[in-house]
Structure formats: structure tokens, C-alpha cells
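Asks: Let me give you the structure first, and then I'll get to my questions.
Since every read-out is calculated from the coordinates, none of them should be taken as a lab result. Predicted model only: the values in this text are computed from it and were never measured. For neighbour counting, all protein chains shown are included, and Cβ atoms are generated from backbone atoms with ideal geometry for every residue, glycine included.
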Amino acid sequence: MVVLAVVETVSAVVAPLRAPDERDWKGASAAVRAGFRPGDLIVAAPAWADPVMRQQLGDLVPMPVAGRMDAARYGRIWEISERGAGAAEAAGGSLAQSSKHRGLTVRLWEKKPAQITFDFLSKWRQAELSVVSPNGDTPCAAGADRFVCMGGASLKPELLEIDTTLRNGLALDPIERATVVLTYSSVPLGRELAVAGGLHNVWLRKAGDGKVHLRVLVDGREVGALDGTNQGGWALRRFDTSAWSGKTATVRFEITVDKAQSRHFGFAAEARNP
């Protein structure tokens with residue numbers, strides 16, 4: 001007990017001294033700004049330091065970047081690390097440069113970026129939305145900023161909170177005993193279809209327990225699926241579309257839910273060549 005008390009006391013005194021302070025962050029930020037190029041990605045490691053990073057470099061991390069689906073499209077990634085932590089976004093990259101700023105380390109990682117052939121989120125207006133129920137298929141109307149369906153359902157692009165992280169996605173409240181269908185025609189496909197989704201709003205995630213199921217079809221053939229659950233976070237899946245690579249196809253997203261209460265689902269997708 002005495003040894004444990006001594007260890008905890010020493011840790012309480014030493015830990016704050018090891019934490020990076022404002023001078024460290026200003027030095028690290030200056031290093032990033034000196035080499036930053038448009039299109040670069042900046043990340044913090046551990047991830048919980050992201051708000052501090054954006055306080056210093058937020059003008060270089062606009063909302064479309066902060067709410068990204070993943071880091072596949074970025075070829076240069078600036079990692080600001082403390083206590084030896086590494087960012088998942090930098091995995092597979094080659095270290096181009098590194099500098100130490102007292103409690104922080106700045107690393108620039110380079111890797112081959114994915115070629116995006118179609119972004120389903122940014123091109124949502126090209127899609128058609130309908131609700132399929134036992135009563136038939138009912139088309140939804142496209143408004144200025146969203147699709148509106150009979151019964152009050154809607155789908156729109158929105159900045160969401162999923163797994164306590166900002167995510168840009170198509171926001172939807174699924175309908176019980178019905179399938180919401182989002183269809184894109186003539187989509188130029190690559191070798192991969194990346195799809196990510198999850199449940200929005202930390203408080204509503206606690207209020208409900210239904211599972212949202214997203215099914216993905218290409219020219220009528222199912223290529224994959226993912227589920228949105230309270231414990232699932234931002235689920236990312238990569239589906240093989242090499243059979244359609246270099247061609248156009250119809251891509252269909254089918255969303256169902258077993259219990260609709262407090263289920264606010266968001267998802268994004270890209271066709272790409274990794």
C-alpha cells in the first residue's frame with residue numbers, strides 16, 4: 001500500500017510536467033504551417049488531442065476534412081504526436097520528415113492516395129430516394145437541401161456526431177416495417193466501394209436499442225452490408241467492385257431497422273481505386 005501510494009504521488013507530480021504546453025503546440029504548429037500544402041491532412045495522436053490541435057491549426061482543417069470518412073484520399077499526412085502515440089491515419093505511410101518540439105513530435109507521412117471515382121455524399125442530388133413497404137414503392141421528393149418522404153422521413157447531408165467524432169454523412173431516420181432505398185444510376189466504379197456509417201447523437205444512442213442494417217447492391221447484386229448499433233461506432237467497410245472497375249453501374253443502398261425509436265443513422269460512401 002505504501003509503495004502504491006508513493007507511485008501514485010510521483011505520477012501525480014510528474015505527469016503534468018510531461019504534458020505538452022502552449023509553447024510546444026506553437027512550435028509544432030509552426031513546423032506544420034511551414035511545410036503544409038493544400039490537400040494535406042493534419043491529425044493528432046492520441047486522437048483525444050484533436051480539439052487542441054484544431055485550436056492551433058483549425059484554419060487548415062475545414063469541416064469537410066474534419067468530418068472525413070477516412071484518410072484514404074490523402075497522400076500527405078501531418079501527425080502531431082505526444083508521448084510516442086501514433087495516428088491510425090498514418091498507417092502504411094513512409095516517413096518524409098520529423099521534428100521534435102519538446103513534448104510534441106511532428107511527423108510528415110507520405111503514401112499513395114486513393115483515386116476517388118465517385119463520392120456518393122457530395123453527389124447526393126444525383127440519386128433517387130424511395131420507401132418500400134407492404135403497400136408498395138413510394139418515391140420521395142427532392143427539396144432544396146434534402147429528400148422528403150411521406151410520413152415525415154427525410155434524408156439530407158449533415159455534419160453528425162458518431163462515436164463522439166465529427167462525421168460528414170447522409171442523415172436518415174429509418175422507418176420501421178419499411179425499407180428506405182437510395183439509388184444512384186451510372187456510377188463510375190473503381191476496384192473498391194468504401195462505405196461507412198453509424199448512429200448519430202450520443203444521448204439518443206442511449207435511448208434506443210434497435211439495429212440499423214445497410215445493404216449495398218451493384219447492378220442488383222449484393223456486394224456487402226454493415227450494421228449501425230450502439231456499440232458499433234463509425235463502421236467502415238470496403239467492398240470489392242473489381243468486376244465493374246472502369247465501368248458504370250447502378251448502386252443501391254437499402255436501409256432497414258428493427259426498432260426505429262431514437263435511431264438516427266448517418267453514412268457516407270466512395271467508389272475508388274485504392
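Asks: Only four residue types carry charge here, +1 at the Cβ of Lys and Arg and -1 at the Cβ of Asp and Glu. Report the dipole size of the chain about the Cα centre in Debye, rounded to the nearest 20. Each step should come with its number before you reach the end.
Replies: Details: 34 positive and 30 negative charges, 116 e Å.
Using only the charged Cβ atoms, the result is roughly 560 debye.
Asks: Nearest 20 debye, what's the magnitude of the dipole of the stretch 102-202 about its Cα centre given +1 on Lys and Arg Cβ and -1 on Asp and Glu Cβ?
Replies: Result for the stretch 102-202 is approximately 500 debye, rounded to the nearest 20.
Asks: Follow-up. In the neighborhood of Arg177, defined by Cβ-to-Cβ distances under 15 Å, what is the net charge if each Lys or Arg adds +1 and each Asp or Glu adds -1? Could you put the intermediate results ahead of the total?
Replies: Working: positive: Lys211, Lys259, Arg263; negative: Asp137, Asp173, Glu176, Glu254, Asp258.
Cβ neighbours under 15 Å give a net charge of -2.
Asks: Any idea how far the Cα center of the stretch 53-77 sits from the one of the stretch 126-160, in Å?
Replies: So the two Cα centres are separated by 30 Å.
Asks: Within 10 Å, count the other beta carbons around each residue, average over each peptide in 156-165, 51-60, and list them highest first.
Replies: Details: 156-165: 17.1, 51-60: 15.3.
Most protected by this proxy first, the peptides run 156-165, 51-60.
Asks: Also, I was wondering about something else. Among 94-100, 223-229, how do they line up by average Cβ neighbours within 10 Å per residue, starting with the highest?
Replies: Result, highest mean Cβ count within 10 Å first: 223-229, 94-100.
Asks: Shifting gears a bit: Using only the Cα atoms of the stretch 93-246, construct the convex hull and provide its projected area averaged over every direction, in square nanometres to one decimal.
Replies: On the way: hull surface 50.7 nm².
The orientation-averaged projected area of the Cα hull of the stretch 93-246 comes to 12.7 nm².
Asks: Here is a further query. With the Cα gyration tensor of the stretch 172-217 in hand, give its eigenvalues times 5 under a square root as the equivalent ellipsoid semi-axes, listed largest first in whole angstrom.
Replies: Values: eigenvalues 141, 40, 14 Å².
They are 27, 14, 8 Å, listed from largest to smallest.
Asks: On to the next question. Give the Kirkwood hydrodynamic radius (Å, one decimal) of the chain, defined as one over the mean of 1/r across all pairs of different Cα atoms.
Replies: Numbers: mean 1/r = 0.0483 Å⁻¹.
Roughly 20.7 Å, rounded to one decimal.
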